[in-house]
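Laboratory data are not the source of any read-out in this text; all were calculated from the coordinates shown. What you see is a predicted model; the values in this text were computed from it and never measured. Here the Cβ positions follow ideal geometry from the backbone for every residue, glycine too, while neighbour counts run over all protein chains shown.
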Amino acid sequence: MILKKALLRKPGLYLVTDNDALNGRDLLNILSGPLKAGLDMVQFRDKEASDISFFETGLKIKKLLRGKALFIINDRVHMALALDADGVHLGSMDMPVKTARRILGKKKIIGFSVSSLKEALDAQKQPVDYIAIGSIFKTPVKPDYKLVGLETLKQIVKKIRIPLVAIGGINQANIEEVRMLGVKRIAVVRAILEAKNTYSAAKNLLRRI
């Protein structure tokens, strides 16, 4: 797991799943293309699924990702534990980070979402392995989230010493603006999930990373 945590400091593409963006298509089929392209981190996010449905889908995703990409669970610490995922991603309304760390242990990855420099500095003091900053640009995935913007992102990059992930409305047209600020790991949703060719979409994003 130490090697897996080290991956967070390397340039890479991080896909966060979203049912609306899938628009009824099969998630496992969608994932196969980006994985072949070099996608190395996936967060399974489903706010509506029952635990049994989440678990069953999670097992299929884990089998597909094994040896190819890190498997992160959104919010549900108990599912990260049950699925023996690589880690969990939390927000301010989820289980406290220290509690999640106590449950999952030191070896698992814990990510945390922030939207300001103050939140990032506070999160850095917690036992987290990476901080996700967003939304950088406007996104329909989380339309009510306040925009962080490039200027705030620039400040955060200068102040934070643990791995950073930029997320929110990032696509082919604006990814280089984010990368130029020094962010190595980029998270996307619709830039891949809504693409006609998910392999090509992921490959083109990775070229810019």
- Query: Taking the chain as a Gaussian network, where each spring joins two C-alpha atoms under 10 Å apart, which residue of 32, 115, 50 fluctuates the most?
  - Reply: 50
- Check cross-link reach from residue 106 to the lysines: straight Cα distance under 21 Å, and skip same-chain residues fewer than eight apart. 4, 5, 10, 62, 98, 125
- Query: What percent does the relative contact order of the chain come to when contacts are Cα pairs within less than 8 Å and at least six residues apart?
  - Reply: 25 percent
- Query: So for the pair residue 29, residue 106, with labels modelled 7 Å out along Cα→Cβ, what separation do we get in nm?
  - Reply: 4.5 nm
- Message: Computed from the coordinates I sent, Rg and Dmax of the Cα atoms in Å equals one of [x] 16.8, 59; [y] 15.7, 42; [z] 16.2, 47. Tell me the label.
- Response: [y]
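So if each residue of separation counts as 0.36 nm, and I subtract the Cα-Cα distance between residue 22 and residue 145, what length gain in nm does that give?
Numbers: separation 123, 0.36 × 123 = 44.28 nm, distance 2.10 nm.
Stretched fully, the residue 22-residue 145 segment lengthens by 42.2 nm.
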- residue 3 versus residue 179: modelled label distance in nm, points set 7 Å from Cα along the beta carbon direction: 2.6 nm
- Once you have a ≥ b ≥ c as the square roots of the Cα gyration tensor eigenvalues for region 1-118, tell me rounded if a/c is under 1.5, and otherwise prolate or oblate according to whether a/b is larger than b/c. rounded
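Based on a Kirkwood Rh over C-alpha pairs, give the Stokes-Einstein translational diffusion coefficient of region 48-108 at 25 °C and viscosity 0.890 mPa s in µm²/s.
Values: Rh = 11.9 Å.
Calculated translational D: 206 µm²/s.
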- Note on the structure: Taking a ≥ b ≥ c as the square roots of the Cα gyration tensor eigenvalues, with a/c under 1.5 meaning rounded and otherwise prolate when a/b beats b/c or oblate if not, region 102-209 comes out prolate
